[in-house]
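The values are calculated or read from the model by the stated rules, or taken from the named source; none is laboratory data. Predicted, not measured: the structure shown is a model, and the values here were computed from it. Because the Cβ atoms are built from the backbone with ideal geometry, glycine has one as well, and the counts that use them run over all protein chains shown.
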Amino acid sequence: MARVVITGAGTINALGHDVASTFEGFREGRCGIGPLAFRDVDRLSIRIGGQVTGYDPEARFNRQQIALYDRFTQFALIAARQAIEQSGLSFSGNLGYETGVVLGTAAGGMNTWDDNYRLVYEEGKNRVHPFVVPKLMNNAAASHVSMEWNLRGPAFTVSTACASSNHAMGQAFNMVRSGMAKVMITGGSEAMLTFGGIKAWEGLRVMSKDACRPFSANRNGMVQGEGAGVFVFEEFEHARARGAAILAEVIGFAMSSDASDIVMPSQQGAERAIIGALRDARIDPSAVGYINAHGTGTAANDKTECAAVAHAFGTHADRLMISSTKSAHGHCIGGTGAVELLACLMALTEGVIAPTIGYEEADPECALDVVPNEARAARVEVAMSNAFAFGGLNAVIALRRV
């Protein structure tokens with residue numbers, strides 16, 4: 001099977017509008033979570049989130065495009081532009097037919113849903129814009145990425161709640177590895193910070209009103225964010241032949257299903273995905289230096305994940321660094337795995353481990369090295385990223401330094 005490498009990365013999230021500013025936010029231990037700003041936020045109990053600020057759609061897209069692109073599609077296109085530009089790829093000739101797109105999202109066009117429900121139910125309008133359906137559909141971002149670069153290979157969307165991006169990137173990895181595609185544009189995007197989006201999550205009673213504190217004994221829930229991360233996954237020989245700069249190698253991926261509860265996580269399910277990714281990568285657990293944790297800041301998720309990591313890695317667990325960057329950029333739901341993969345890239349390319357900020361009190365049920373509050377310099381050969389979603393859907397991806 002072919003080797004798969006990453007030759008481009010792009011993002012927009014609460015920490016920054018590109019990879020460089022996001023890395024800077026990680027290094028500084030900066031928090032992008034703050035007061036939410038949108039219509040009717042005063043009617044919510046939860047009023048904080050990892051919102052993308054300083055963003056002007058009109059500076060990025062023309063009027064016709066804005067009429068067709070929901071916020072989550074805009075984010076995906078911005079991140080894809082950055083990633084493709086960094087890769088240096090041109091999709092003329094046959095490569096356009098050998099390149100595909102697979103992106104993750106949980107909600108798709110939530111802003112479009114929210115705006116048009118208001119028009120129909122609150123304002124009594126009897127008609128909506130003719131582009132409502134193509135704007136809100138979950139595959140809109142993947143479709144528009146394929147159209148902007150004339151990519152005619154496999155193109156689709158994965159929607160598996162909080163594991164959507166990891167599942168999408170895993171499928172992209174397997175497609176390039178198997179020879180189905182030479183290049184895949186992959187990652188995920190989410191923009192659920194709307195009145196309706198937050199109101200729905202309030203009902204689950206898993207949200208914090210003040211801060212995201214993963215692994216801290218006084219954690220009291222997750223904080224939602226928004227944004228996108230997009231990467232260029234490329235067949236190694238193809239990248240080497242054109243002299244591309246390689247950011248990291250994708251070496252393993254695994255999935256599992258808890259098949260037990262729609263919201264409560266399972267240690268066994270998470271553990272099987274971790275072990276499966278190690279096995280797929282053909283590495284010993286001791287090779288892993290850093291894990292970007294799912295780490296939502298909820299009591300159940302954090303202790304379950306720590307138990308899964310401890311059991312999967314055995315004695316090596318005490319030498320692992322594990323951090324949750326959701327404390328900095330919020331839980332970007334279907335896009336979160338893609339934004340979090342950036343922390344793995346930073347560990348491998350710059351030797352800097354992103355911290356778990358907001359950590360205040362040690363929890364004996366999360367007794368791992370969670371890199372509390374301050375970034376750390378460390379040489380890492382292999383990094384992994386965990387994603388464990390509602391519905392018991394788990395996806396773990398592994399990268400190696402080149």
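Numbers below:
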| quantity | calculated |
| --- | --- |
| Residue list for region 24-58, restricted to those being of a type in the set (D, E, K, R) and within 16 Å of Val339 (Cα to Cα) | Glu24, Arg27, Arg30 |
| Residues that are touching a helix residue (DSSP H, G or I) at 6+ places or on another chain (Cβ under 7 Å) and surrounded by fewer than 24 Cβ atoms within 10 Å (Cβ to Cβ), drawn from region 6-21 | Gly16, Asp18, Val19 |
| Residue, nearest to Ser45 (Cα to Cα), within region 240-258, restricted to residues that are in a loop (DSSP other than H, G, I, E, B) and not basic (Lys, Arg) | Asp258 |
| Selection from region 246-297 of residues that are at positive phi and surrounded by fewer than 21 Cβ atoms within 10 Å (Cβ to Cβ) | Ala259, Arg282 |
| Residue within region 309-317 that is aromatic (Phe, Trp, Tyr) and in contact (Cβ under 8 Å) with a residue 60 or more places away in the chain present | no |
| Which numbered condition Glu271 misses (of (1) closer than 13 Å to Leu399 by Cα; (2) touching a helix residue (DSSP H, G or I) at 6+ places or on another chain (Cβ under 6 Å)) | (1) |
| Unique match (being of a type in the set (D, E, K, R), touching a Lys or Arg at 6+ places or on another chain (Cβ under 6 Å) and assigned by TED's automatic domain parsing to the domain that holds Gly297) among Glu340, Glu365, Glu361 | Glu365 |
| Residues of region 275-299 satisfying the condition of being in contact with a strand residue (DSSP E or B) (Cβ under 9 Å, 6 or more places away or on another chain), not in a loop (DSSP other than H, G, I, E, B) and not acidic (Asp, Glu) | Ile275, Gly276, Ala277, Leu278, Arg279, Ala281, Ala287, Val288, Gly289, Tyr290, Ile291, Asn292 |
| All positions within region 312-322 that are over 16 Å from Asp284 (Cβ atoms) and either surrounded by fewer than 23 Cβ atoms within 10 Å (Cβ to Cβ) or of a type in the set (S, T, N, Q) (or both) | Met321 |
| Criterion: touching a His at 6+ places or on another chain (Cβ under 9 Å), hydrophobic (A, V, I, L, M, F, W, C) and crowded, with 22+ Cβ neighbours inside 10 Å - qualifying residue of Ala67, Ala76 | Ala76 |
| Qualifying position, being assigned by TED's automatic domain parsing to the domain that holds Gly392 and either modelled with pLDDT of 95 or more or assigned to a strand (DSSP E or B) (or both), among Met169, Met264 | Met264 |
| Every pair of residues 6+ apart whose Cβ atoms lie under 6 Å, when the first sits in region 122-137 and is free of Cβ contacts under 8 Å to residues at least 60 places away in the same chain while the second is in a helix (DSSP H, G or I) | Lys125/Leu119; Val128/Asn116; Val132/Asn116 |
| Residues within region 129-153 that are out of contact with any Gly (no Cβ under 6 Å at 6 or more places or on another chain) and in a helix (DSSP H, G or I), tallied | 12 |
| Test: residue in region 221-243 that is under 18 Å from the mean Cα position of the chain (by Cα) and of a type in the set (Asp, Glu) | yes |
| Residues of region 7-34 classified as among the aliphatic types (A, V, I, L, M) and either outside the structural domain of Ala211 (by TED's automatic domain parsing) or assigned to a helix (DSSP H, G or I) (or both), total | 2 |
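Quick grid of which residues meet (1) surrounded by fewer than 19 Cβ atoms within 10 Å (Cβ to Cβ); (2) assigned to a loop (DSSP other than H, G, I, E, B); (3) of a type in the set (Asp, Glu):
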{"position": "Ser189", "(1), (2), (3)": "no, no, no"}
{"position": "Met192", "(1), (2), (3)": "no, yes, no"}
{"position": "Arg205", "(1), (2), (3)": "yes, yes, no"}
{"position": "Cys212", "(1), (2), (3)": "no, yes, no"}
{"position": "Ser216", "(1), (2), (3)": "no, yes, no"}
{"position": "Asn220", "(1), (2), (3)": "yes, yes, no"}
{"position": "Val230", "(1), (2), (3)": "no, no, no"}
{"position": "Glu234", "(1), (2), (3)": "no, no, yes"}
{"position": "His238", "(1), (2), (3)": "yes, no, no"}
